[in-house]
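J.: Take a look at this one; I'll ask things after.
The values are calculated or read from the model by the stated rules, or taken from the named source; none is laboratory data. Remember, predicted model here, so these are calculated numbers, not experimental data. When we count neighbours, we look across all protein chains shown, and the Cβ atoms used for this are built from the backbone with ideal geometry, even at glycine. Only protein heavy atoms, including side chains, enter the accessible area calculation; ligands, DNA and RNA are left aside. Shrake-Rupley method; radii C 1.70, N 1.55, O 1.52, S 1.80 Å.
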Amino acid sequence: MIDLFENENTGGREILGMEAFVLKGFALPIANELLAKIAFIQTLSPFRHMTTPGGHTMSVGLTNCGQLGWTSDRRGYKYSALDPATGNPWPVMPNEFLELAKSAASEAGFVNFVPDACLINKYIPGTKLSLHQDKDEQDLRAPIVSVSLGIPAVFQFGGFERGASTIKVPLFHGDVVVWGGVDRLRFHGILPLKPNSHSILGEQRINLTFRKASPFNSNNFNAF
Ligand code: MD6
Ligand code: FE
């Protein structure tokens, strides 16, 4: 099926919580640049399906860029400076990525966000991401900035326990979710993607998730 309206609406914001927002279409002006950088990154660190500690193969394909990359295997989840598939450092985070993440964070009220990790997830129709909390980062005061590209997905946004009720939020090409503060540890996930096709990406959704994975360090402040 082809979407005539790939971006439901642009320019507004949707409030998901006290400190959680969808910035509609925020990344649209630079979406093509982001896609070009992703195409380059995957030549250095290809998308792969990681194994969860429970022994399942993730349906999401993933890679990373930045100083630290999120990885999973039978031993658990962790951030690592090296790509376990290549033994090399993860590709450098492009400046466009960094600037987008900083400006989206400040738009949502989080000043001084400097991500050191960008997880890049690839979905095809049928792919899902089960409800989870993002808690592998050491400085939970930093927000998370999540950029949706390609075909739409339904984001589930819940409470602080897995069983709590969730709201369902459609995310379109160019939408950016920013969340932190009191909402930082909410459970969330992506429902199985419906068959669809995007004019540029085809039958794919790519999600960029920016985090600050390293511990709090006062040297990170450069206000003076
Ligand atoms: C995704 N996102 O949108 C998966 N986590 O593909 C996440 O897991 C996520 O969008 C934390 C904050 C925002 C997110
Ligand atoms: Fe997450």
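J.: Does the range 147-156 contain at least one residue that is farther than 16 Å from residue 104 by Cβ and within 13 Å of ligand 2 (Cβ to nearest atom)? Step through it out loud before you land on a result.
T.: We begin by selecting, within the range 147-156, every residue farther than 16 Å from residue 104 by Cβ; these are 150-154, 156.
Next, only the ones that are within 13 Å of ligand 2 (Cβ to nearest atom) stay: 153, 156.
Within the range 147-156 (the criterion being farther than 16 Å from residue 104 by Cβ and within 13 Å of ligand 2 (Cβ to nearest atom)), the answer is yes, since at least one residue qualifies.
J.: Also: Could you figure out which of (1) over 26 Å from residue 29 (Cα atoms); (2) surrounded by 13 or more Cβ atoms within 10 Å (Cβ to Cβ) isn't true of residue 75?
T.: Going through the list (1) over 26 Å from residue 29 (Cα atoms); (2) surrounded by 13 or more Cβ atoms within 10 Å (Cβ to Cβ), residue 75 breaks only (2).
J.: OK, next. Could you tell me whether residue 120 is more than 14 Å from the chain's Cα centre (by Cα) and under 22 Å from residue 42 (Cα atoms)?
T.: Values: more than 14 Å from the chain's Cα centre (by Cα): no; under 22 Å from residue 42 (Cα atoms): yes.
The answer is no for residue 120.
J.: Here's something else I'd like to know. Can you tell me which residue in the range 132-143 is farthest from the chain's Cα centre (by Cα), limited to those that are more than 10 Å from ligand 2 (Cβ to nearest atom) and either buried (at least 24 other Cβ atoms within 10 Å of the Cβ) or closer than 21 Å to residue 26 by Cβ (or both)?
T.: Ranking the candidates gives 142 first.
J.: Still on this structure: Quick one: which of 110, 97 is more than 12 Å from ligand 1 (Cβ to nearest atom) and surrounded by 22 or more Cβ atoms within 10 Å (Cβ to Cβ)? Before the answer, list the steps.
T.: On the way: 110 fails: surrounded by 22 or more Cβ atoms within 10 Å (Cβ to Cβ).
After ruling out the rest, the residue left standing is 97.
J.: I would also like to ask the following. Go through the range 195-210 and report how many residues are assigned to a loop (DSSP other than H, G, I, E, B) and within 19 Å of the chain's Cα centre (by Cα). Don't jump to the end; show me each part of the working.
T.: Going residue by residue through the range 195-210, those that are assigned to a loop (DSSP other than H, G, I, E, B) are 195-196, 199-201, 203-204.
Restricting the remaining residues to those that are within 19 Å of the chain's Cα centre (by Cα) gives 201, 203-204.
So the count comes out to 3.
J.: Does the range 81-127 hold any residues that are under 15 Å from residue 67 (Cβ atoms) and either out of contact with any strand residue (DSSP E or B) (no Cβ under 9 Å at 6 or more places or on another chain) or part of a helix (DSSP H, G or I) (or both), and which are they?
T.: Passing the criteria: 95, 97, 98, 101, 114.
Rundown of residues vs (1) more than 12 Å from ligand 2 (Cβ to nearest atom); (2) among the aromatic types (Phe, Trp, Tyr); (3) under 21 Å from residue 19 (Cα atoms); (4) open to solvent by 20 Å² or more (accessible area, probe 1.4 Å), yes/no style:
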| residue | (1), (2), (3), (4) |
| --- | --- |
| 93 | yes, no, no, yes |
| 130 | no, no, no, yes |
| 145 | no, no, yes, no |
| 161 | yes, no, yes, yes |
| 170 | yes, no, yes, yes |
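J.: Which count do you get for residues in the range 128-161 that are in contact with a Pro (Cβ under 7 Å, 6 or more places away or on another chain) and either more than 12 Å from ligand 1 (Cβ to nearest atom) or outside any strand (DSSP E or B) (or both)?
T.: Matching residues across the range 128-161 total 4.
J.: State all residues of the range 162-188 that are touching a residue at least 40 places away in the same chain (Cβ under 8 Å), closer than 17 Å to residue 130 by Cβ and part of a strand (DSSP E or B); if no residue qualifies, say none. Working first, answer last.
T.: Going residue by residue through the range 162-188, those that are touching a residue at least 40 places away in the same chain (Cβ under 8 Å) are 167, 169-188.
From what is left, the residues that are closer than 17 Å to residue 130 by Cβ are 167, 169, 171, 185-188.
Of everything in the range 162-188, those that are touching a residue at least 40 places away in the same chain (Cβ under 8 Å), closer than 17 Å to residue 130 by Cβ and part of a strand (DSSP E or B) turn out to be 167, 169, 171, 188.
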